[in-house]
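Chemist: To start, I am sharing the structure in question, which I have written as structure tokens.
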Amino acid sequence: MNRIKQFCQTRLARVALACTCLLLLPAASIAETRLGLVISQTDYTGDLSRVTSASQEADTIASALIETGFDVTRAHDLNKRDLASTLNAFRRKVDAAGPDAVAFVYYTGHGAQHPESGDSYLLGVDAELVAASDLAFYGLDMQTQRDGFAATGARAIFLVFDACRNVPGFSGYKAGVKGLSRVEARPDMLIAYATGLDDVAKEGVYAPVLAEEIRRPGQKAEDAFAAAQRRVAGRTNRSQLPWTNNLLYNEFCFAACEKPAVTERPEPFELVMSGSDLDQAFAAAYGDFGKATVEIKASEEFGGRMETFTFEPAFAVRFDDYIALVSKGTNKEDAHVAAGRISAHYIKDGEVIGTWQDLAFGNGFGQPPDYSLRTGLLNYPTMMVKAGWMGQGYVVAKEDVIEITPDGPAFRASVTTRDDTTGAAYEELKPCVLEGRIKPSRTSADSFLVDYKFTSEIKGEDRLVTYTLDPASGAYVPDFEYEQEICVTLMYDALESKAE
């Protein structure tokens, strides 16, 4: 009897412990069912081009969804019939999961809009587009798919289309219409395109960024898509601008809604100063190795004429599966002020995805500006570009801080590093020199220091100024600024004080 009693007590204790553990879990995690469908379309049998990176894009999204608790169905190279069947089966699965279901559909492949009606279609790999009417025959109407998923009543539905590709023209129409047309989200739904309406997306750019944001804890789902939108725009110098239509009304986070206690480490990078990686990146950007002659149109402000530059590679930064190339261009003949320049190209799989031709300008004589390269100042390699001016013996020197980030070059600050009246001092005027030395912060990569010291006979107050990242603007903001031309003021103040 004692053994039976002991057994029962043990069983009751285990049941009580199990119930306690369940009570400790968030309510949403008990009821919520996360379901994902990821489709990649690569090998089209008709005239449509092969979408080479579709499978890799889809696998990247599928992995992110699985890591955040989704039960993912993966499909590849579906003809129209199988595409319809797969979407229907998934929709029914979402419907059966009930009102607490969260559904995520990601489609990468070809999509197209009708050149007359503007209706957009997802295309099976058997699509043969000759006439515009072939879209309805070989494709699935995206609005119909939207309405079907909206009817499930799921608490959150994500329809993501990485399908904005070039398609051929149709019979009776001069050319195919680019990209996808606007498909409005229904309540409790978010629809996202890899690029803007009526535009074409580059392969392999949107998916890896979105996957990173899906994994990132501490942000709501709509914020994850907004972050991906901003990052892709930055990474491609706004040549690809993702579009999102958000009608989510229930709060949902892919990863934990709570922000992590410790700031995430930046993704790794490799600084490339020479070798085949640098050569190949330069060839991808300029079509030649080592040195290239390029014509660049000047801004309308300077006449808008074509100017000739000779570019050479400076350095590159390798991030994961793409590379950021920085090159120097020299001009001595036909530029508006014979100024050189520094340019940047972001390159993925041998294709340029973003170009910054005017990252920095020289100050004459056809040469690019001087700069130093630092890797310990901010999160990523940072160019310290020399700037400033001189007039009547008065010198102001600056360094423009440009960080080569994974999401494009970012101008961070313009820091005065020398304020010098030595050449302007005469008779009773004594020179004033203020020097600033830029140093890394020991506490955070989102800040840096400038150690200011007066090093001449006339002195002001020495200061250690902290520049801190403002997330809204992307600029580093100082906690103190000396007034403009402080040394001129101090020089004349000293003269007046002596006269008194």
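The values are calculated or read from the model by the stated rules, or taken from the named source; none is laboratory data. Predicted model only: the values in this text are computed from it and were never measured. Note that each Cβ is placed from the backbone with ideal geometry, even for glycine, and that neighbours are counted across all protein chains shown. The area values use the complete protein model at the heavy-atom level, side chains included, leaving out ligands, DNA and RNA. Shrake-Rupley method; radii C 1.70, N 1.55, O 1.52, S 1.80 Å.
Chemist: Please enumerate the residues belonging to the stretch 62-110 that are over 30 Å from Asp199 (Cβ atoms), assigned to a loop (DSSP other than H, G, I, E, B) and acidic (Asp, Glu).
Modeler: Hit for the stretch 62-110 is Asp100, nothing else.
Chemist: Additional query: So Lys453 ticks every box in (1) over 22 Å from Gly376 (Cβ atoms); (2) open to solvent by 60 Å² or more (accessible area, probe 1.4 Å); (3) without any contact (Cβ under 8 Å) to a residue 40 or more places away in the chain but one. Which box is left unticked?
Modeler: With (1) over 22 Å from Gly376 (Cβ atoms); (2) open to solvent by 60 Å² or more (accessible area, probe 1.4 Å); (3) without any contact (Cβ under 8 Å) to a residue 40 or more places away in the chain applied to Lys453, the lone miss is (1).
Chemist: Could you please tell me which pairs satisfy a Cβ distance under 6 Å, a separation of 6+ or placement on different chains, a first residue in the stretch 101-126 that is farther than 15 Å from Arg50 by Cα, and a second residue that is small (Gly, Ala, Ser) and part of a loop (DSSP other than H, G, I, E, B)?
Modeler: Ala101/Ala154; Ala103/Ala154; Gln113/Ser181; His114/Ala132; Pro115/Ala132; Gly118/Ser181; Ser120/Ser181
Chemist: Residue check, Ala185 against (1) over 24 Å from Arg34 (Cβ atoms); (2) in contact (Cβ under 8 Å) with a residue 40 or more places away in the chain, all met but one. Which one?
Modeler: Looking at each condition in turn, Ala185 falls short on (1).
Chemist: Ok, one more. Would you check which residues across the stretch 56-90 are open to solvent by 60 Å² or more (accessible area, probe 1.4 Å), of a type in the set (D, E, K, R), within 18 Å of Gly124 (Cα to Cα) and touching a Leu at 6+ places or on another chain (Cβ under 9 Å) and list them?
Modeler: Once the filter is applied, which keeps residues that are open to solvent by 60 Å² or more (accessible area, probe 1.4 Å), of a type in the set (D, E, K, R), within 18 Å of Gly124 (Cα to Cα) and touching a Leu at 6+ places or on another chain (Cβ under 9 Å), the stretch 56-90 yields only Arg74.
Chemist: Only residues that are of a type in the set (Val, Ile, Thr) and either under 30 Å from Ala227 (Cβ atoms) or without any contact (Cβ under 8 Å) to a residue 12 or more places away in the chain (or both): list them for the stretch 473-500, please.
Modeler: Those that are of a type in the set (Val, Ile, Thr) and either under 30 Å from Ala227 (Cβ atoms) or without any contact (Cβ under 8 Å) to a residue 12 or more places away in the chain (or both): Val477, Thr489.
Chemist: Now for a different question. Restricting to the stretch 359-385, and then to whatever is part of a strand (DSSP E or B) and open to solvent by less than 30 Å² (accessible area, probe 1.4 Å), can you tell me which residue is modelled with the lowest pLDDT?
Modeler: The selected residue is Ala360.
Chemist: Still on this model: Only one residue in Ala413, Ala397 is open to solvent by less than 10 Å² (accessible area, probe 1.4 Å), part of a strand (DSSP E or B) and more than 16 Å from Phe315 (Cβ to Cβ), so which one is that?
Modeler: After applying the criteria, what remains is Ala413.
Chemist: How many of the residues in the stretch 430-439 are modelled with pLDDT of 95 or more and touching a Leu at 6+ places or on another chain (Cβ under 9 Å)?
Modeler: Within the stretch 430-439, residues that are modelled with pLDDT of 95 or more and touching a Leu at 6+ places or on another chain (Cβ under 9 Å) number 4.
Chemist: Limited to the stretch 204-243, what total is found for residues that are basic (Lys, Arg) and touching a helix residue (DSSP H, G or I) at 6+ places or on another chain (Cβ under 8 Å)? Walk me through how you get there before you give the answer.
Modeler: Restricting attention to the stretch 204-243, the residues satisfying the condition of being basic (Lys, Arg) are 215-216, 220, 230-231, 235, 238.
Checking the rest, the ones that are also touching a helix residue (DSSP H, G or I) at 6+ places or on another chain (Cβ under 8 Å) come to 215-216, 231, 235.
Going through the stretch 204-243 one residue at a time, the tally reaches 4.
Residue-by-condition table, conditions (1) part of a strand (DSSP E or B); (2) of a type in the set (Val, Ile, Thr):
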site: Ser456; (1), (2): no, no
site: Gly460; (1), (2): no, no
site: Leu464; (1), (2): yes, no
site: Tyr467; (1), (2): yes, no
site: Ala472; (1), (2): no, no
site: Phe480; (1), (2): no, no
site: Glu483; (1), (2): no, no
site: Thr489; (1), (2): no, yes
site: Asp493; (1), (2): no, no
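Chemist: Out of the residues in the stretch 411-444 that are of a type in the set (S, T, N, Q) and under 28 Å from the mean Cα position of the chain (by Cα), which is nearest to Tyr322 (Cα to Cα)?
Modeler: Residues of the stretch 411-444 of a type in the set (S, T, N, Q): 414, 416-417, 421-422, 441, 443-444.
Cutting the leftovers down to under 28 Å from the mean Cα position of the chain (by Cα) gives us 414, 441, 443-444.
Numbers: Ser414: 28, Ser441: 29, Thr443: 30, Ser444: 27 Å.
The selected residue is Ser444.
Chemist: Starting from the stretch 83-99, keep only residues that are more than 11 Å from Phe149 (Cα to Cα), then list their pairs with residues that are of a type in the set (D, E, K, R) and at pLDDT 95 or above whose Cβ atoms are within a distance under 9 Å, requiring at least 6 positions of separation or different chains.
Modeler: Pro99/Arg155
For every residue, the table says whether it meets (1) open to solvent by less than 30 Å² (accessible area, probe 1.4 Å); (2) of a type in the set (Lys, Arg); (3) farther than 22 Å from Leu180 by Cα; (4) out of contact with any Phe, Trp or Tyr (no Cβ under 9 Å at 6 or more places or on another chain).
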{"site": "Val205", "(1), (2), (3), (4)": "yes, no, no, no"}
{"site": "Pro217", "(1), (2), (3), (4)": "no, no, yes, no"}
{"site": "Gln229", "(1), (2), (3), (4)": "no, no, no, no"}
{"site": "Ala233", "(1), (2), (3), (4)": "yes, no, no, yes"}
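Chemist: Just to be sure, is Leu35 in a strand (DSSP E or B), farther than 27 Å from Leu135 by Cβ and not aromatic (Phe, Trp, Tyr)?
Modeler: Against the criterion (in a strand (DSSP E or B), farther than 27 Å from Leu135 by Cβ and not aromatic (Phe, Trp, Tyr)), Leu35 qualifies.
Chemist: Right, here's the next one. Can you pull out the residues in the stretch 467-481 that are touching a strand residue (DSSP E or B) at 6+ places or on another chain (Cβ under 9 Å) and open to solvent by 40 Å² or more (accessible area, probe 1.4 Å)?
Modeler: Thr468, Leu469, Asp470, Val477, Asp479, Phe480, Glu481
Chemist: Looking at (1) on the phi > 0 side of the Ramachandran plot; (2) open to solvent by 40 Å² or more (accessible area, probe 1.4 Å); (3) under 34 Å from the mean Cα position of the chain (by Cα), can you tell me which one Gly408 breaks?
Modeler: Of the numbered conditions (1) on the phi > 0 side of the Ramachandran plot; (2) open to solvent by 40 Å² or more (accessible area, probe 1.4 Å); (3) under 34 Å from the mean Cα position of the chain (by Cα), the odd one out for Gly408 is (2).
Chemist: Could you list, in sequence order, all residues of the stretch 416-429 that are surrounded by fewer than 19 Cβ atoms within 10 Å (Cβ to Cβ) and at pLDDT 90 or above?
Modeler: Result: Arg418, Thr422.
Chemist: Quick check on my filter: what residues within the stretch 254-303 are surrounded by 11 or more Cβ atoms within 10 Å (Cβ to Cβ) and hydroxyl-bearing (Ser, Thr, Tyr)?
Modeler: Residues satisfying the conditions are Tyr286, Thr293.
Chemist: Being β-branched (Val, Ile, Thr) and without any contact (Cβ under 8 Å) to a residue 12 or more places away in the chain is the requirement here; does Thr443 meet it?
Modeler: yes
Chemist: Please give the number of the condition Ala255 fails out of (1) on the phi > 0 side of the Ramachandran plot; (2) touching a helix residue (DSSP H, G or I) at 6+ places or on another chain (Cβ under 7 Å).
Modeler: Evaluating Ala255 over (1) on the phi > 0 side of the Ramachandran plot; (2) touching a helix residue (DSSP H, G or I) at 6+ places or on another chain (Cβ under 7 Å) leaves (1) as the failure.
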